[in-house]
Amino acid sequence: MDRLMKKPFGDVSKSQRIYMDLGEILREHALRYLPAKALQRFRAVCRDWKLLISSPFFIHNQSIAFSSISGFFLQSPGKPPFFISPDRMAHGVPDQELKFLPEAVDVKASSNGLLCCQGRSGDKPYYVCNPANKQWKKLPKPTANHGSDPTIAFEFEPSLLNFLPDYKVVCIFASTDIEEAYEFEIYLSLQDSWKVASEMFFSSRRLTFLKGITVNGVTYWPTTCGKLLIFDLKKEKATEPSAYGAFVINRQPYANTSLGMMDGKLCRTSSTGFSIKVNVLRNIHSNTMPTKFKAGGPWMMKHDVQLKSADMGLGKNNQLRVLLTWDGMLVLEADGKVFIHDMRTLTTTLCNISPSDSRYEVFPYINSLVSLV
């Protein structure tokens, strides 16, 4: 292809010109919409493509243009992370256990192609990494004590005008100064430093927070008692909705209800047998309106999925558990098996994973080239 491009235009046949035009169209208008794994293979097409795909400008554009969900990282207590995808050939990562990091880690959160992890030894430092290109950054030590198993929120939103990765890591922790109070420490990548927010959240009883979900700059932290804490990452404000129980998620951890994201909104997914219902949040402020004015309160039914046990190789008495709903994908577990159901194509994929204790935490992943260096 390089030799073809060097020929004078008059010496090139019509069929060759069509090939050149197609190559230019692909290079200029299509490549940036492909996942990182495919682009790594396309580097071998020719020298021009290799230089293009390796350029910082292309990498930046791809991190913005490619936003489709590629798969999920699964994390079990004390075990290496594991990557699952309905199409690993197109969306795989070179090292799913993240062994390129300087120590064994637990995945704590994810956002738009980046993972936030925590080391297992010493001071248990935080790392932000991109599994697609094996780039990583060790965060400075926080000023506050986050506890032995911190609850983390993580947000990274690629910006067209900012080539530097701009992300936030937020940890909620019990205050050591004020009883029944919780504080928030925030790491800002552009400042490369932590700060304790002025905002505090007060509760009449001790709370245990589960894995949070961040959607459009707002983190939703469910608790084991069934309540939900909302934290606005931009305003650094915390609220607890009191919508007459409408926001209650789980009365017990690992029950058959979970939070996720659907169509850019927070969603709540529940399962009974092989029946799955996905409800989306109408409005973040709808919890302030009386329930009687809105059928179903702040939640609106979006999908009613009916799966068949025989199609999944399961018995009729098995119970599906929804691990996560994200961008049209359901991650399900039953009888020690993990499945991905695509609600758009109506296909269900059995994921090849090792037996575990089934206490998975699931993190959505986008196969992005975003650079951390």
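The values are calculated or read from the model by the stated rules, or taken from the named source; none is laboratory data. Remember, predicted model here, so these are calculated numbers, not experimental data. Heads up, the Cβs are rebuilt from the backbone with ideal geometry, glycines too, and the neighbour counts pull from every protein chain shown. What goes into the accessible areas is simple: the full protein's heavy atoms, side chains included, and nothing from ligands, DNA or RNA. Shrake-Rupley method; radii C 1.70, N 1.55, O 1.52, S 1.80 Å.
For residue 152, the criteria (1) β-branched (Val, Ile, Thr); (2) over 19 Å from the mean Cα position of the chain (by Cα); (3) closer than 28 Å to residue 64 by Cβ hold in every case but one, which is (2).
Of all residues in segment 160-171, exactly one satisfies the criterion of being part of a strand (DSSP E or B), without any contact (Cβ under 8 Å) to a residue 40 or more places away in the chain and open to solvent by 10 Å² or more (accessible area, probe 1.4 Å), namely 162. Pairing residues of segment 270-284 that are within 10 Å of residue 325 (Cβ to Cβ) with residues that are in a loop (DSSP other than H, G, I, E, B) and open to solvent by less than 20 Å² (accessible area, probe 1.4 Å), at Cβ distances under 8 Å and at least 6 apart in sequence or on separate chains, gives 276/320. Consider segment 307-338 and keep the residues that are over 24 Å from residue 108 (Cβ atoms), among the hydrophobic types (A, V, I, L, M, F, W, C) and touching an Asp or Glu at 6+ places or on another chain (Cβ under 9 Å). The one that is least open to solvent (accessible area, probe 1.4 Å) is 320. Criterion applied to 151, 143 was being in contact with a strand residue (DSSP E or B) (Cβ under 7 Å, 6 or more places away or on another chain), open to solvent by 80 Å² or more (accessible area, probe 1.4 Å) and of a type in the set (Ser, Thr, Tyr), and the one residue passing it is 143. In segment 336-350, the residues that are in contact (Cβ under 8 Å) with a residue 12 or more places away in the chain reach residues that are among the acidic types (Asp, Glu) with C-beta atoms within less than 9 angstrom, at least six apart or across chains, in these pairs: 339/333; 348/311; 348/342; 349/87; 349/342. The residues of segment 263-283 that are open to solvent by 30 Å² or more (accessible area, probe 1.4 Å), within 18 Å of residue 232 (Cα to Cα) and part of a strand (DSSP E or B) amount to a single one, 265. If you go through segment 30-53 and keep only what is in contact (Cβ under 8 Å) with a residue 40 or more places away in the chain, of a type in the set (Gly, Ala, Ser) and either open to solvent by 30 Å² or more (accessible area, probe 1.4 Å) or more than 19 Å from residue 372 (Cα to Cα) (or both), you end up with just 38.
Got at least one residue in segment 202-210 being more than 18 Å from residue 230 (Cβ to Cβ), loosely packed, with under 14 Cβ neighbours inside 10 Å and free of Cβ contacts under 8 Å to residues at least 24 places away in the same chain? Within segment 202-210 (the criterion being more than 18 Å from residue 230 (Cβ to Cβ), loosely packed, with under 14 Cβ neighbours inside 10 Å and free of Cβ contacts under 8 Å to residues at least 24 places away in the same chain), the answer is no, since none of the residues qualifies. Scanning segment 172-193 for residues that are closer than 19 Å to residue 145 by Cβ and open to solvent by less than 30 Å² (accessible area, probe 1.4 Å) gives 172, 173, 175, 181, 182, 183, 184, 185, 186, 187.
Among (1) under 21 Å from the mean Cα position of the chain (by Cα); (2) modelled with pLDDT under 90, there is one condition residue 372 misses while meeting the rest; what is its number? Answer for residue 372: the failing condition is (2).
Every test in (1) closer than 18 Å to residue 41 by Cα; (2) without any contact (Cβ under 8 Å) to a residue 40 or more places away in the chain is passed by residue 70 save one, and that test is (2). Among residues of segment 135-157 that are touching a residue at least 60 places away in the same chain (Cβ under 8 Å) and over 19 Å from residue 103 (Cβ atoms), none has a beta-carbon under 6 Å from a residue that is of a type in the set (D, E, K, R) and open to solvent by less than 40 Å² (accessible area, probe 1.4 Å) at least six positions away or on a different chain.
Each row is one residue, and each column tells you yes or no for (1) among the β-branched types (Val, Ile, Thr); (2) open to solvent by less than 10 Å² (accessible area, probe 1.4 Å); (3) modelled with pLDDT under 95.
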{"site": "72", "(1), (2), (3)": "no, yes, no"}
{"site": "78", "(1), (2), (3)": "no, no, yes"}
{"site": "88", "(1), (2), (3)": "no, no, yes"}
{"site": "91", "(1), (2), (3)": "no, no, yes"}
{"site": "98", "(1), (2), (3)": "no, yes, no"}
{"site": "107", "(1), (2), (3)": "yes, yes, no"}
{"site": "119", "(1), (2), (3)": "no, yes, no"}
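If the condition is being farther than 17 Å from residue 133 by Cα and in contact (Cβ under 8 Å) with a residue 40 or more places away in the chain, then segment 83-103 contributes 84, 85, 86.
Screening residue 56 against (1) loosely packed, with under 13 Cβ neighbours inside 10 Å; (2) modelled with pLDDT of 90 or more; (3) more than 17 Å from residue 132 (Cα to Cα) leaves a single unmet condition, (3). Does segment 6-15 include one or more residues that are β-branched (Val, Ile, Thr), open to solvent by less than 60 Å² (accessible area, probe 1.4 Å) and modelled with pLDDT under 90? Yes, the conditions are met somewhere in segment 6-15.
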